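Okay, structure first, notes after.
The values are calculated or read from the model by the stated rules, or taken from the named source; none is laboratory data. Bear in mind that the values here come from a model prediction, so they are computed numbers and not experimental data. As a convention, Cβ positions derive from the backbone with ideal geometry for all residues, glycine included, and neighbour counts pool all protein chains shown. Accessible surface areas use protein heavy atoms only, side chains included; no ligands, DNA or RNA. Shrake-Rupley method; radii C 1.70, N 1.55, O 1.52, S 1.80 Å.
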Amino acid sequence: MSVPGVRLLLLLLISLCIPNVWADQALPYKIDIGRGGHCVRDPVWMRKNHMHLLIHQRDLTVREGKRDKEIDLRNCIECHASTKDDSVIARSDSFCVACHRYEAVKIDCFECHSGIRKSAWLERNAK
Amino acid sequence: MSDVQRRNFLKTSVGVAAVAIAPGLLLFKVAHGQSDDDSKVRWGMLIDTSNCAEGCNECVKACNKENGLSGGLAPTDSQWIRKIEIKDVSTGHQFALPMMCQHCAEPPCVDVCPTGASFKRYDGIVLVDKHRCIGCRYCMMACPYKARSFVHAPLHDQNPDVPRGKGTVESCTMCVHRVDEGKQPACAEACPNKSILFGNLHDPNSEIAKKIRAVASTQVRADLNLNTGVRYQGI
Ligand code: SF4
Ligand code: SF4
């Protein structure tokens, strides 16, 4: 095999090792993930299953008063609200809106819940 | 289905447990919010009306700010706590008190709710689970204290700790988001005269339990037998 051929093969192998997490670039739409950082679960798993976590925890929180330090909508928003406007819903590329618009799944979470980063909300509403 | 089976099915399907104590005589127990008598915690309030100043509105203001209520008094505005001034016409005795959800141990709002949205937490706090509420407003009709409000218009910029939204019913949550963090409800903290004493009625050593043993306190509409978690002193 020629030298360029080996290089090409190596490159191919390496690119196969790149975790799916980096596949963000490959999404067919623009998304603002906000601060991002270390998610409470594997991001790829989260893309498919975040709603199960949220619904399970929502009943525990509301009905039994068992609040979770980690799995908490406010925490999701804290990391994923845009650094530009502190919101997960304000624009078409905001964290929640981007995918949900693409998938045509309407969510009504934010008719009641605030979509604003709590720390920013507190700062704004501090007297 | 035999006749007996059918009858049993009907009995259990209406949410009523029946125990036969004699032929033809049944003891009925309505299966709503379980009795909280054995819970270690029951949050409650004792409101001392002799300290509560006429004209003062601090508790109402604190509630509105904490929970993001507009403070408007129109019939379509949410009011979780109201300041009420009362005069006994025969004696001229006049006093004021704050009135809100009484966090009944036997809450009529929970009894009538068709979806299970109205419920009582293990610690006695009565809440609306807005994920389940369909906005039928039965609970508003059932509540003897006029404690509940319906959200008529879309809301924006809610407190991240206090989700509220159009099409659902809401009422005093005893500031459940603060209580779960070990804090006092906003009204109790705001009262300049310390008229609102908040605490655990089921802890014999808590300040509220001690005071409720020592002084005469009243449940508003005690005749309804709802065993309210909010009690008043001096009325
Ligand atoms: S005061 Fe009204 S809303 Fe509160 S628990 Fe009793 S019936 Fe329900
Ligand atoms: S308005 Fe909501 S909470 Fe009240 S009775 Fe109807 S479903 Fe239940």
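At a glance:
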item	result
Neighbouring partner chain Cβ atoms per residue of A:112-125, average, 10 Å criterion	4
Sparsely packed GluC sites (Glu not before Pro) within the range A:21-92, loop by DSSP, other Cβ within 10 Å at most 15	A:GLU70
Amide H partners (placed H, <5 Å) of B:VAL230, local residues excluded	B:MET45
Shielding by partners, peptide B:155-166 (average Cβ within 10 angstrom, other chains)	6
In Hz, Karplus ³J(HN,Hα) per residue of the range B:128-137 (6.51, -1.76, 1.60; θ = phi - 60°; x = Gly, Pro)	10, 7, 5, 5, 10, 5, 9, x, 6, 6
Above-threshold pairs, the threshold being 18 Å between Cα atoms, out of B:LYS65/B:LYS183; B:LYS130/B:LYS166; A:LYS118/B:LYS120; A:LYS69/A:LYS118; B:LYS40/B:LYS210; B:LYS87/B:LYS210	A:LYS118/B:LYS120; B:LYS87/B:LYS210
Two-site FRET efficiency, B:ARG213 against B:HIS93, from Cβ-Cβ distance with R₀ of 22 Å, rounded to 0.05	0.25
Low-density loop positions, trypsin sites (Lys or Arg not before Pro), the range B:160-220 - DSSP coil, at most 12 other Cβ in 10 Å	B:LYS194
Contour excess over end-to-end distance, with Cα ends at A:VAL40 and A:ALA120 and 0.36 nm allotted per residue	26.6 nm
Extension gain from B:LEU224 to B:ASN57, taking 0.36 nm per residue of separation minus the Cα-Cα distance	57.3 nm
Protein accessible surface hidden between B and A, which excludes ligands and nucleic acids, total in Å², probe 1.4 Å	1900
B:ILE86 versus A:ASP68: modelled label distance in nm, points set 7 Å from Cα along the beta carbon direction	4.5
Peptide A:56-64, shielding by other chains (average Cβ, 10 Å cutoff)	3
Cα gyration tensor shape for the range B:35-233, rounded if a/c is under 1.5, else prolate or oblate	rounded
